[in-house]
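The values are calculated or read from the model by the stated rules, or taken from the named source; none is laboratory data. From a predicted model like this one, the values you see are computed outputs, not experimental measurements. Cβ placement follows ideal geometry from the backbone for every residue including glycine, while neighbour counts extend to all protein chains displayed.
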Amino acid sequence: MGKRIVSQARGHGSSTYRVRRKGYIYKIKYPDSEGPAKIIKLIHSPGHSAPLIKVQCNQNIFYNVAFKNAFEGQEINLGAKEKINEGDIIKLKDVPMGKRVYNIESVPGDGGKLVRSGGNSAEIVKKEGEKIYLLMPSKKTLFFNGENRATVGTAAGSGRKEKPIMKAGNRHHAMKAKGRKWHFTSAVKVNAIDHPFGGGRGKRIKSKIAKRNAPPGARVGHLRPRRTGKRK
């Protein structure tokens, strides 16, 4: 009798492949209010690559990705247009040219969705009316609405990759906290019972285009490719 292959088991969503809820109990967002705010706590979140800060603005308490050199008790501003400092949360149109920002909103009011991993930031390179052009960490230049908010500075946690992970167990727990599959095994290396590409003598890799409505066990290979073959 066969068993579920890995892609089927992941689609089923058992406890083996489901992320721990504790890793994402802190929801990162921006409040609707503006004015002075204070960092009341620095938080280590296992589901995020950067530390988080717990911020109080008037009666509102929210969580944001910590910026470099942040400390408890530090004062920041929401919506400031003058004397902009590290950690201030303002609209992109009010950020001076050349400043670095992170946790950028993709649409106004979504609370920040882009450039949130530890050590990352984007640089404002051009302004054209309501369009603000940012140089992203991927070295691509994208434009955003000037009403989108972002945090001034660079996300903390830039040195997290400098210390090597010496044991496989440490890597296992780190990836499990984030809900990611580890370790990764090539499909052609496993048994035929574990993957459609598995089994067979030798590693004769053939490209396969999965059907649009294929079930999880058969949905492997090229998924809805725009083109196939060698690029000329």
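Structure values in brief
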item	result
From Gln56, Gln8, residue being surrounded by fewer than 19 Cβ atoms within 10 Å (Cβ to Cβ) and part of a strand (DSSP E or B)	Gln56
Filter pass, Lys83 being under 30 Å from Ser7 (Cβ atoms) and modelled with pLDDT under 90	no
Residue satisfying all of: in the stretch 117-175; small (Gly, Ala, Ser) and over 19 Å from the mean Cα position of the chain (by Cα); surrounded by the fewest Cβ atoms within 10 Å (Cβ to Cβ) among these	Gly129
Residue match in the stretch 63-72 (condition: without any contact (Cβ under 8 Å) to a residue 40 or more places away in the chain and either of a type in the set (Asp, Glu) or not assigned by TED's automatic domain parsing to the domain that holds Ile40 (or both))	yes
Any strands (runs of 3 or more DSSP E) falling wholly within the stretch 59-163 and containing at least 1 residues that are under 25 Å from Leu42 (Cα atoms)	60-65, 75-78, 89-91, 100-102, 122-128, 149-152
Failed item in (1) at pLDDT below 90; (2) farther than 23 Å from Tyr63 by Cβ; (3) in a loop (DSSP other than H, G, I, E, B), with Val188 passing the rest	(3)
Residue within the stretch 166-180 that is assigned to a loop (DSSP other than H, G, I, E, B) and at pLDDT 85 or above present	yes
Members of the stretch 100-116 found to be aliphatic (A, V, I, L, M) and surrounded by fewer than 16 Cβ atoms within 10 Å (Cβ to Cβ), listed by number	Val107
